[in-house]
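This report refers to the structure that appears directly beneath it.
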Amino acid sequence: PADREIQRVVFFALFIACLVVVGLRRVFRRRGSPGPIPFWGLVVLGILVGINFLLLEQFVIYKLYRILARPMDAMFFGTVGFLCITGGASLFLTSRARAFLVMLAIAIAASVILALRFVTPESISGLVVALPLIALTGALFPTIFRGEDGILLTVFAADAIGAAVAGVAAFLWPVSFSFMSYDQLTLCVFVLTAV
């Protein structure tokens, strides 16, 4: 019965997401072509950025669960720390193309290190290695979130859809497949989004 309920929730969420995308497409068409990136490119980028952000935030919280004694501390420090780092990095990296590219290369290398488990992600050193991923994640959203109203609305809504998808995945994936496979999923989504 729980599986059927989860299927209904996922189906309903996908239905709403499709309605949102159809509505966005109409708004986008009315404005002509408001920017250099086509509509479907903006939707895919926005969804990837939203998925990446939430999966990576939960990744950090899950790692802190293993390190800190109290789960509430892990949630608090994971969420607040993640938002502070992503916010600061978005201010610094978004307007500096060279720094953005350097951080991109470092973050992809850090992803490989974590994926191959050269450093255990469930440790302080693992979280330190994950810092470039968090910093770059902060700069991804503002990098595509530029332009006229049609672009802004499309990216913002697509990001929200991606965050909703990731919220469900962050809850169900570790339970269904394991935390180690959740790490691999998160790192793969990060690299795909960053590239």
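The values are calculated or read from the model by the stated rules, or taken from the named source; none is laboratory data. As the structure is a computational prediction, the values presented were derived from the model and not from experiment. No Cβ is skipped: glycine too gets one built from the backbone with ideal geometry, and neighbour counts run over all protein chains shown. Accessible surface is based on the protein model in full, side chains and every heavy atom, while ligands, DNA and RNA are left aside. Shrake-Rupley method; radii C 1.70, N 1.55, O 1.52, S 1.80 Å.
When the range 60-108 is limited to residues that are of a type in the set (S, T, N, Q) and farther than 27 Å from PHE171 by Cα, the one that is surrounded by the fewest Cβ atoms within 10 Å (Cβ to Cβ) turns out to be SER95. Being free of Cβ contacts under 8 Å to residues at least 24 places away in the same chain, of a type in the set (D, E, K, R) and part of a helix (DSSP H, G or I): is that true of ARG98 here? When the stated conditions are applied, ARG98 passes them. Condition (residue is of a type outside the set (Phe, Trp, Tyr), modelled with pLDDT of 90 or more and either under 25 Å from LEU192 (Cβ atoms) or in contact with a Pro (Cβ under 6 Å, 6 or more places away or on another chain) (or both)) applied to the range 63-70: is it met by at least one residue? The answer is yes; a qualifying residue exists. When ILE108 is tested against (1) farther than 30 Å from TRP40 by Cβ; (2) in contact (Cβ under 8 Å) with a residue 60 or more places away in the chain; (3) assigned to a helix (DSSP H, G or I), only condition (1) is not met. Taken together, the residues in the range 1-21 that are in a helix (DSSP H, G or I), open to solvent by 80 Å² or more (accessible area, probe 1.4 Å) and not charged (D, E, K, R) amount to 8. One residue stands out in the range 144-172 among those that are in contact with a helix residue (DSSP H, G or I) (Cβ under 7 Å, 6 or more places away or on another chain), in a helix (DSSP H, G or I) and open to solvent by 50 Å² or more (accessible area, probe 1.4 Å): the one that is modelled with the lowest pLDDT, namely LEU153.
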